[in-house]
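> Structure incoming, see below.
The values are calculated or read from the model by the stated rules, or taken from the named source; none is laboratory data. Keep in mind the model is a prediction, meaning the values are calculated, not measured. Here Cβ is always computed from backbone atoms with ideal geometry, including for glycine, and neighbour counts include all displayed protein chains. Side chains are part of the model used for accessible areas, which takes the heavy atoms of the whole protein and leaves out ligands, DNA and RNA. Shrake-Rupley method; radii C 1.70, N 1.55, O 1.52, S 1.80 Å.
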Amino acid sequence: MRSTRFALLLFSTLACCLFLVSCESAPPSGEPTEKGEAKMSVEKTPYGKLPDGRQADLFTLTNSAGMKARLTNYGAITISLEVPDADGNLADVTLGYDTLEGWLGSTSYFGATVGRYANRIAKGKFTLDGKTYTLATNNDANHLHGGIKGFDKRLWDAETVETDGAVGVRFTYLSKDGEEGYPGNLKVTALYTLTDSGEFKAQFSATTDKTTVVNLAHHTYWNLGGAAAGDILSHELMLAADKYTPVDAGLIPTGELKDVKGTPMDFTAPTAIGARIAQVEGGYDHNFVLRNQDGSKIALAARVLEPKSGRVMEIHTDQPGIQFYSGNFLDGKVTGKAGVVYKKHQGFCLETQHYPDSPNQPAFPPVVLKPGETYKHIMIHKFSTK
């Protein structure tokens, strides 16, 4: 009997010790098991109502390092992207608005997925298979970024995506035959993902039931110092491009491919955006011809360093060109996130793409999509610090 009581006492003592050890070693409820570790997630919440009563949704992507991307199915727009600086401090490095109402009235294409044809088409016209198509004109006499109501002004269907090492949103949209003047029913997919390794990816694809032209692009305005950090003129830019496409007064390419060497367009070595901008009338708004890019591979297109924060962004793509825009038309009339007034050169854009006005430029890489074919475009933003 005594041995039985002794055994019970010993068992109770051991159990108590084990309980105390487990309590001390277990993390508090809701906290990660290791310091700095967080779980990847994608969350969908209501964002607001369109004028016709339809609801737009907000999607928040988070990776294990705490990076956050926020997107909405209105315009397949990237609302924000929070990226750490050299000290690990997160900041939103994109321009835009706090609420859906801002995006509804925007004409700046902040964060938008633009199409059916990104950039400009001269005089809003092109000829395909012997037929001339007339598009909506919304940039003086020219067609810009899909027209008066391009893809950035449409409500897309959306579904969340979770894979090993990435979370995202797949947006889909049917652009009907004749929309903004384009031929063919075009089925479009825009897949945006945030990876555990700190990459923000845009993957576009499209199919058509009638021969048409396609050129989709991602149009975020970046300021790697943070959206309230002032202008972007001290950002150091490198472009993997030895040539660019000169433009006329309406920013339509002349058809020439001109060497950047010896000109203010030379960013083959890292150069501050503001170093020679005064030599470019109006500022930078030009397409650069990426080296040896025929669509068969993904290669480095651009690298940007913001010296104060130490943030670095690399862009990799399979597209033949990249449009560099230095925020020339920001004029202080737009109030963005947290009440920040966006002044000239507050942000910059780097849009991987086909060349502007390609439907009217036979020497440029082709942009024609036929039934049975699939248009594809990959753009990868890789973030790091220096």
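> Residue pairs, Cβ under 6 Å, 6 or more apart or interchain, first in the range 333-347 and free of Cβ contacts under 8 Å to residues at least 24 places away in the same chain and under 20 Å from SER234 (Cβ atoms), second surrounded by 13 or more Cβ atoms within 10 Å (Cβ to Cβ) and not hydrophobic (A, V, I, L, M, F, W, C). List them.
So the pair list comes out as VAL341/THR335.
> Right, something else. Please verify whether the range 194-207 includes one or more residues that are among the aliphatic types (A, V, I, L, M), under 14 Å from the mean Cα position of the chain (by Cα) and crowded, with 18+ Cβ neighbours inside 10 Å.
So far as the range 194-207 goes, yes, one or more of its residues are among the aliphatic types (A, V, I, L, M), under 14 Å from the mean Cα position of the chain (by Cα) and crowded, with 18+ Cβ neighbours inside 10 Å.
> While we're on this one: Quick check, is PHE110 open to solvent by less than 30 Å² (accessible area, probe 1.4 Å), under 25 Å from ALA141 (Cβ atoms) and not in a loop (DSSP other than H, G, I, E, B)?
no
> I'd like to know if the range 265-276 contains one or more residues that are outside any strand (DSSP E or B), hydrophobic (A, V, I, L, M, F, W, C), out of contact with any His (no Cβ under 7 Å at 6 or more places or on another chain) and under 18 Å from GLY321 (Cα atoms).
yes
> While we're on this one: Check off (1) farther than 26 Å from VAL304 by Cα; (2) surrounded by fewer than 19 Cβ atoms within 10 Å (Cβ to Cβ); (3) at pLDDT 95 or above for GLU24 and give me the number that stays unchecked.
Going through (1) farther than 26 Å from VAL304 by Cα; (2) surrounded by fewer than 19 Cβ atoms within 10 Å (Cβ to Cβ); (3) at pLDDT 95 or above one by one, GLU24 breaks only (3).
> Identify all residues within the range 296-313 that are in contact with a strand residue (DSSP E or B) (Cβ under 8 Å, 6 or more places away or on another chain) and not charged (D, E, K, R); write none if there are none.
ILE298, ALA299, LEU300, ALA301, ALA302, VAL304, LEU305, PRO307, SER309, GLY310, VAL312, MET313
> If you go through the range 39-69 one residue at a time, how many are of a type outside the set (A, V, I, L, M), part of a strand (DSSP E or B) and over 18 Å from THR189 (Cα atoms)?
Adding up the residues that qualify gives 12.
> Right, another one. Considering the range 75-87 alone, what residues qualify as being within 13 Å of LYS308 (Cα to Cα) and of a type outside the set (A, V, I, L, M)?
Result: PRO84, ASP85, ASP87.
> Looking at (1) open to solvent by less than 10 Å² (accessible area, probe 1.4 Å); (2) over 20 Å from ALA227 (Cβ atoms); (3) of a type outside the set (Lys, Arg); (4) in contact with a His (Cβ under 7 Å, 6 or more places away or on another chain), can you tell me which one PRO356 breaks?
(4)
> Suppose we keep only residues that are open to solvent by less than 60 Å² (accessible area, probe 1.4 Å) and outside any loop (DSSP other than H, G, I, E, B) within the range 126-147. Which one would you say is farthest from LEU251 (Cα to Cα)?
LEU128
> Which of the residues belonging to the range 316-332 are in contact (Cβ under 8 Å) with a residue 60 or more places away in the chain, closer than 21 Å to VAL280 by Cβ and not in a loop (DSSP other than H, G, I, E, B)?
GLY321, ILE322, GLN323, PHE324
> Run down VAL260, VAL247 and say which single residue is among the β-branched types (Val, Ile, Thr), more than 30 Å from ALA338 (Cβ to Cβ), open to solvent by less than 70 Å² (accessible area, probe 1.4 Å) and touching a Phe, Trp or Tyr at 6+ places or on another chain (Cβ under 7 Å).
Being among the β-branched types (Val, Ile, Thr), more than 30 Å from ALA338 (Cβ to Cβ), open to solvent by less than 70 Å² (accessible area, probe 1.4 Å) and touching a Phe, Trp or Tyr at 6+ places or on another chain (Cβ under 7 Å) holds for just one of VAL260, VAL247, which is VAL260.
> Which residue out of ALA158, ALA240, ALA229 is within 19 Å of TYR325 (Cβ to Cβ) and crowded, with 20+ Cβ neighbours inside 10 Å?
From the options ALA158, ALA240, ALA229, the qualifying one is ALA240.
Residue-wise test of (1) hydrophobic (A, V, I, L, M, F, W, C); (2) over 30 Å from ARG311 (Cα atoms); (3) touching a Phe, Trp or Tyr at 6+ places or on another chain (Cβ under 7 Å); (4) surrounded by 20 or more Cβ atoms within 10 Å (Cβ to Cβ).
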{"site": "TYR173", "(1), (2), (3), (4)": "no, yes, yes, yes"}
{"site": "GLU179", "(1), (2), (3), (4)": "no, yes, no, yes"}
{"site": "LEU186", "(1), (2), (3), (4)": "yes, yes, no, yes"}
{"site": "ALA190", "(1), (2), (3), (4)": "yes, no, yes, yes"}
{"site": "THR211", "(1), (2), (3), (4)": "no, yes, no, no"}
